[in-house]
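Participant: Here's a structure for you.
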Amino acid sequence: MRSLDVCSGAGGLALGLEQAGFDPVLLLDNRDVAVETLRWNRPHWKVLETNLLDFDPCEHQQTYDVDLLSAGLPRVKATATAGRRDSDVELELLRATMMLMHGVQPKALLVENVPDLATKPAYEAIRDYVAAELSHLGYRHRWLVINAADYGVPQMRRQGILVAFKGDVLDAFVEPLATVNKHLSVGEALVESMSRRGWPDAARWAAQAVEPAPTLVGGSWARGGADLGPTGSKGAWARMGVDGGTVADEVPDETFHWDPALGRPGMMPLTVDQAALLQGFPPEWRIAGRKTARYRQIGHASPPPVGRTLGAAIASALRA
């Protein structure tokens with residue numbers, strides 16, 4: 001099946017959809033480092049470095065009538081931050097996706113965003129706008145909220161999902177059930193990587209890191225360095241003996257003394273590669289750029305196992 005992927009970022013959604021049988025005819029992102037990531041990992045993919053707001057499908061007619069338009073859009077802000085200058089940009093990208101539906105006319109649509117977009121009253125006007133646009137074009141839609149941990153991702157990451165299908169295909173769409181019986185813990189996901197440089201406490205650390213990770217947050221591209229999220233997330237990491245206030249260049253070696261009672265000096269930070277594992281990327285997926293840019297791409301990505309599971313459900317509905 002053919003797909004068009006917009007706001008592709010590090011390729012998490014596109015990779016998952018590829019695993020579900022979708023072959024992208026075009027991917028686009030406006031960040032050069034994300035474009036480099038995509039081209040590194042899939043040289044055969046056609047990747048366009050452009051802003052979605054500037055994209056004209058008339059110049060890329062291979063996108064017409066694709067089976068799926070997929071979009072991992074920047075997170076639409078809650079009403080509390082609606083006055084911030086960048087809030088309108090995220091809403092514009094959602095509107096641009098709806099406008100792209102007019103030109104491309106895909107058989108199905110998949111949009112990933114914050115869970116509140118799917119459920120909270122503060123976003124009702126946006127949902128009404130989406131419903132009106134899709135109905136006008138002959139699509140029926142559904143909003144879902146899923147947790148990436150239910151699909152094998154070692155992270156508690158709730159995602160708001162919009163799926164839409166042309167005609168009556170929505171009747172054949174079945175919301176995917178959890179693919180794991182037990183959530184994968186941080187310790188299970190990272191014990192092998194923590195042991196890579198001979199750290200003797202890796203197994204002891206992993207044995208107490210028995211919960212999935214809190215949601216990884218990429219943060220703003222405009223400011224700040226790489227860390228594992230807001231204060232609440234840092235507290236959850238500290239309870240697992242991890243310093244969430246920074247991101248490391250390397251995993252600990254045999255000289256590191258792990259003692260969380262000492263505070264941050266006695267806890268080790270995670271590396272960018274370990275963050276990628278917690279986001280569900282395979283170890284061989286390379287992320288371009290320097291440390292902060294690499295972490296930003298990972299934190300903003302959609303976990304590939306979620307894309308694979310949703311893609312399989314969408315493909316099944318399209319084939320029904």
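The values are calculated or read from the model by the stated rules, or taken from the named source; none is laboratory data. All of these numbers come straight from a predicted model, not from anything done at the bench. Glycine gets a Cβ as well: all are built from the backbone with ideal geometry, and neighbour counts include every protein chain shown.
Participant: Does segment 10-27 hold any residues that are part of a loop (DSSP other than H, G, I, E, B) and either surrounded by 24 or more Cβ atoms within 10 Å (Cβ to Cβ) or of a type outside the set (Gly, Ala, Ser) (or both), and which are they?
Facilitator: ALA10, GLY11, PHE22
Participant: Output the residues belonging to segment 183-199 that are in a loop (DSSP other than H, G, I, E, B) and within 21 Å of the chain's Cα centre (by Cα).
Facilitator: HIS183, LEU184, SER185
Participant: Checking VAL180 against (1) farther than 12 Å from ALA149 by Cα; (2) not in a helix (DSSP H, G or I), which single condition isn't satisfied?
Facilitator: Among (1) farther than 12 Å from ALA149 by Cα; (2) not in a helix (DSSP H, G or I), the lone unmet condition for VAL180 is (1).
Participant: So in segment 216-245, with the set limited to residues that are among the β-branched types (Val, Ile, Thr) and modelled with pLDDT under 95, which one is nearest to the chain's Cα centre (by Cα)?
Facilitator: Filtering first and then ranking leaves VAL217.
Participant: Run ARG127 past the list (1) surrounded by 16 or more Cβ atoms within 10 Å (Cβ to Cβ); (2) in contact (Cβ under 8 Å) with a residue 40 or more places away in the chain and report the number of the one that doesn't hold.
Facilitator: Among (1) surrounded by 16 or more Cβ atoms within 10 Å (Cβ to Cβ); (2) in contact (Cβ under 8 Å) with a residue 40 or more places away in the chain, the lone unmet condition for ARG127 is (2).
Participant: Which residue, of VAL153, VAL163, is part of a loop (DSSP other than H, G, I, E, B), touching a residue at least 24 places away in the same chain (Cβ under 8 Å), surrounded by 14 or more Cβ atoms within 10 Å (Cβ to Cβ) and under 19 Å from the mean Cα position of the chain (by Cα)?
Facilitator: One residue alone meets the criteria, VAL153.
Participant: Can you name every one of the helices (runs of 4 or more DSSP H) wholly within segment 214-320 that holds 2 or more residues which are touching a helix residue (DSSP H, G or I) at 6+ places or on another chain (Cβ under 9 Å) and crowded, with 21+ Cβ neighbours inside 10 Å?
Facilitator: 272-278, 291-300, 304-319
Participant: Let me ask something else. Right, THR50: over 22 Å from PHE281 (Cα atoms), within 20 Å of the chain's Cα centre (by Cα) and of a type in the set (Ser, Thr, Tyr) or not?
Facilitator: yes
Participant: Looking only at residues that are among the small types (Gly, Ala, Ser) and within 19 Å of the chain's Cα centre (by Cα) in segment 124-150, which one is nearest to THR309 (Cα to Cα)?
Facilitator: It comes out as ALA148.
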